[in-house]
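Working notes, beginning with the structure itself.
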């Protein structure tokens, strides 16, 4: 009996030793396997790092920052350039020849505006992207770059107004050939650089087109003609003003009639709808109209029509009659 017990203990001991060996081998294999994956990840490659040196608008002398907000152009765009340098210990040609530099301009509180293929489609309110900035020089490990944007009139203001607690940020991401071909994006590149600036509140308004009343008989009112008023700024428009000059009539080119050939400004009427209340215009006092035009986005129209009517006077008058209508901000 003692001999059998001793033999059983010996077998248990051997089984325990065998199990321990399996466990040790298992752990050893796992550790070696994990270590090999880590060392094979981008071996010997140094990530490039970028620095933004300045952000300028228009020309190189017009720097923008948190202290000098970017002033927008009503109804248009303003060129903005982000200047900087990058360093790659493996040589700047790794970026200039096989990689690229990507850049973003983004208002602070919006989600990351990077999209696949840099397809930025928010209409210019809060995000701009450049895929592949210009590398202006490359020598050894160091290089200079320029990233050019065209910032539109409807870019969100951050100096005052709804987004005054935000700032705009310029991000620059250098990608060398290894990172670019491995699928890294600008948002996870290790050498990303950033710099802050403000966009100024820039109201703007514009009239969309000429208005023609056509041929009208004396004492007859024209049909409604629309004048599209456009919000050309980055703040909503409440009231707009309209000023009308008298219409000067002429029978032929170079021959103008006297005072009897003038249609007074108050013979032109404005309304907010085609059948709305008519308000006579003036060449002295601007007429105030409540338009309530929002800021332009990809989903919101920034245009409102004004309906104009011309009441022809009963007196003898004829020819080609022209005048000027001016729309402004109140």
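The values are calculated or read from the model by the stated rules, or taken from the named source; none is laboratory data. What you see is a predicted model; the values in this text were computed from it and never measured. We place every Cβ from the backbone using ideal geometry, glycine too, and count neighbours over all the protein chains shown.
Note on the range 309-330: residues that are more than 20 Å from residue 223 (Cα to Cα) and under 34 Å from the mean Cα position of the chain (by Cα) total 5.
Scanning the range 156-197 for residues that are within 23 Å of residue 81 (Cα to Cα), modelled with pLDDT under 80 and in a loop (DSSP other than H, G, I, E, B) turns up 185, 189, 190, 191, 192. Looking only at the range 251-263, filter to residues that are surrounded by 15 or more Cβ atoms within 10 Å (Cβ to Cβ) and within 47 Å of the chain's Cα centre (by Cα); which one of those is modelled with the highest pLDDT? Restricting to residues being surrounded by 15 or more Cβ atoms within 10 Å (Cβ to Cβ) and within 47 Å of the chain's Cα centre (by Cα), the top hit is 263.
Each row is one residue, and each column tells you yes or no for (1) modelled with pLDDT of 90 or more; (2) in a loop (DSSP other than H, G, I, E, B); (3) in the same structural domain as residue 192 (by TED's automatic domain parsing); (4) in contact with a strand residue (DSSP E or B) (Cβ under 9 Å, 6 or more places away or on another chain).
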{"residue": "103", "(1), (2), (3), (4)": "no, no, yes, yes"}
{"residue": "117", "(1), (2), (3), (4)": "no, no, yes, yes"}
{"residue": "136", "(1), (2), (3), (4)": "yes, no, yes, yes"}
{"residue": "148", "(1), (2), (3), (4)": "yes, no, yes, yes"}
{"residue": "154", "(1), (2), (3), (4)": "yes, yes, yes, yes"}
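Going by what's in this entry, would residue 98 be described as surrounded by fewer than 18 Cβ atoms within 10 Å (Cβ to Cβ), more than 29 Å from residue 300 (Cβ to Cβ) and modelled with pLDDT under 90? Yes; evaluated as a whole, the condition is true for this residue.
Of the strands (runs of 3 or more DSSP E) lying entirely inside the range 216-316, those containing at least 1 residues that are touching a strand residue (DSSP E or B) at 6+ places or on another chain (Cβ under 8 Å) and farther than 30 Å from residue 162 by Cα are 225-231, 237-244, 247-252, 268-271, 303-310.
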